[in-house]
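This report concerns only the one structure given below.
The values are calculated or read from the model by the stated rules, or taken from the named source; none is laboratory data. Worth saying up front: this structure is predicted, and the values here are computed from it rather than measured. As a convention, Cβ positions derive from the backbone with ideal geometry for all residues, glycine included, and neighbour counts pool all protein chains shown. Accessible surface is based on the protein model in full, side chains and every heavy atom, while ligands, DNA and RNA are left aside. Shrake-Rupley method; radii C 1.70, N 1.55, O 1.52, S 1.80 Å.
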Amino acid sequence: MSEVDELPRFPFPADAALEPPAEWAQLRSKCPVAHVKLASGDVAALLTRHEDVKNVLSDPRFTRPTRGDDAARIADSEEGGIFNSDMAEVIPQHGEAHLTWRRGIGKWFTAKRMNALRPGIAAMAEQLIDEMVAKGAPADLKASLGFPLPVWVICDMLGVPDADRDQFSHWSDTMLSMTRYSAEEMKAAEQEFGRYMAAHIAAKREQPGDDLLSALATDPEPMSDRTLIATGIGLLIAGHETTANMITKMVAMLLSERSRWEQLLADPSLVRTAVEEALRLDANAGVGMARYLTEEIEIGGVVLPAGTTAMCSMAAANRDEDVFDRASEMDLSRSPNQHLAFGAGAHACLGQPLARTELQVVLEVLLRRLPSLDLAVEVEDLRRVEGLVVGGLVELPVRW
């Protein structure tokens, strides 16, 4: 057996859908820079401490791996998954080009725009809850609310029809695969999604609307077609996949101990800090962020050579006892809360203002409309999504 074969396989399995794997705490205390084997069989350095993860994510020298870097592949396919895909290659990752790309998109995610979106998001949440209640309990909150709401929001922002949401979901899941889909299926999904997005961008140029894709397509200095397509796909995947999963996990965390839900019912002003705490305590967030080390660096007392792929586990870092008092406990009033759920540095999540807005609005509406909401199964029976780079629950059975 080779040394690589003896390395622990990452991500680690977890016994419960809402609980972290035991390895996180063990590694933070004894081996904060650990070599692990990814689904591809490639080796990476896993970082689990808050300071180390934040420093590497914030370091402008290091960026997302690309195929030209000879970086570790995340997925068990020859290409290595979405982080090593054609789509990832065309979005600028460094310097001024990356900043320009972010600025062009970031102005659509300002606090002013998010505040303007809140009434519409609340109205859609109300409608979806009405439909769920009409069908009767028990219901799957993920299918009824967690998934359709963020799809509707991001489709509205991009100017694409949310009636195609099941197709988006299939393409997204396939492209986010680590072990669930074959390399051929992943490539086919990327190509089909690309053709779909190319047709929409061409239509926006002919007849622009008041949406993000129209603005990008008709900009006086537009992105290349390949960059526009990749950007549209990336925003559509990130804008619904992670938020849909997080809505479901947040509600599950709050209902898993009834006192948490009751605390919010008694004091709805805690919604904002409760959302941040759910983001911090998410034990099922996925693989984290990969960074390619272009030069030698010392992290946590360990020297990592140039050419190393560092896997930054934000979820493990968010439970660092040296940073968070009672780190394993859910404190709905925790403030400040310097979690890393959205990453850090130049590549921090662009859509975090939107994600926060959706999570807050959903929680506010649920508390008001369904105060008796409860899990319809035991916590132990909740099932994790397996085989994707993002984490989530398969479904969330609820009653009221």
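Remarks
- The numbered conditions (1) touching a residue at least 24 places away in the same chain (Cβ under 8 Å); (2) open to solvent by less than 20 Å² (accessible area, probe 1.4 Å); (3) out of contact with any helix residue (DSSP H, G or I) (no Cβ under 6 Å at 6 or more places or on another chain) are all true for Ala327 except (1).
- Residues (part of a loop (DSSP other than H, G, I, E, B) and either open to solvent by 80 Å² or more (accessible area, probe 1.4 Å) or farther than 27 Å from Met175 by Cβ (or both)) located in segment 28-47: Cys31, Pro32
- When the test is whether a residue is hydrophobic (A, V, I, L, M, F, W, C), assigned to a helix (DSSP H, G or I) and within 23 Å of Gly391 (Cα to Cα), Ala215 does not pass it.
- Count of segment 134-162 residues, restricted to those that are farther than 15 Å from Val251 by Cβ, open to solvent by 20 Å² or more (accessible area, probe 1.4 Å) and either within 19 Å of the chain's Cα centre (by Cα) or modelled with pLDDT of 95 or more (or both), is 4.
- Within segment 332-355, residues that are within 30 Å of Ala266 (Cβ to Cβ) and open to solvent by less than 20 Å² (accessible area, probe 1.4 Å) have Cβ atoms under 8 Å from residues that are among the hydrophobic types (A, V, I, L, M, F, W, C) and in a loop (DSSP other than H, G, I, E, B) in these pairs: Ala355/Phe342; Ala355/Cys349, counting only partners at least 6 apart in sequence or on another chain.
- Residue list for segment 385-397, restricted to those being within 15 Å of the chain's Cα centre (by Cα) and more than 10 Å from Thr248 (Cβ to Cβ): Glu386, Gly387, Leu388, Val389, Val390, Gly391
- Residue that is most open to solvent (accessible area, probe 1.4 Å), among those in segment 366-384 that are within 14 Å of Thr248 (Cα to Cα) and in a helix (DSSP H, G or I): Val379
- From Arg180, Arg103, Arg165, residue being open to solvent by 60 Å² or more (accessible area, probe 1.4 Å), basic (Lys, Arg) and touching a strand residue (DSSP E or B) at 6+ places or on another chain (Cβ under 7 Å): Arg180
- Considered as a group, the residues in segment 204-232 that are in contact (Cβ under 8 Å) with a residue 40 or more places away in the chain and of a type in the set (Ser, Thr, Tyr) include one that is farthest from Gly351 (Cα to Cα), and that residue is Ser224.
- Within the set Gly345, Gly351, Gly300, Gly288, the sole residue that is within 27 Å of Ala125 (Cα to Cα) and touching a helix residue (DSSP H, G or I) at 6+ places or on another chain (Cβ under 7 Å) turns out to be Gly351.
- Every listed requirement among (1) in contact (Cβ under 8 Å) with a residue 40 or more places away in the chain; (2) farther than 26 Å from Thr357 by Cα is met by Val160 save one, (2).
- Residue, farthest from Ile154 (Cα to Cα), within segment 101-124, restricted to residues that are touching a Leu at 6+ places or on another chain (Cβ under 9 Å) and among the β-branched types (Val, Ile, Thr): Ile105
- In the set (1) in a helix (DSSP H, G or I); (2) over 25 Å from Asp162 (Cα atoms); (3) among the charged types (D, E, K, R), Glu221 fails one condition alone, (1).
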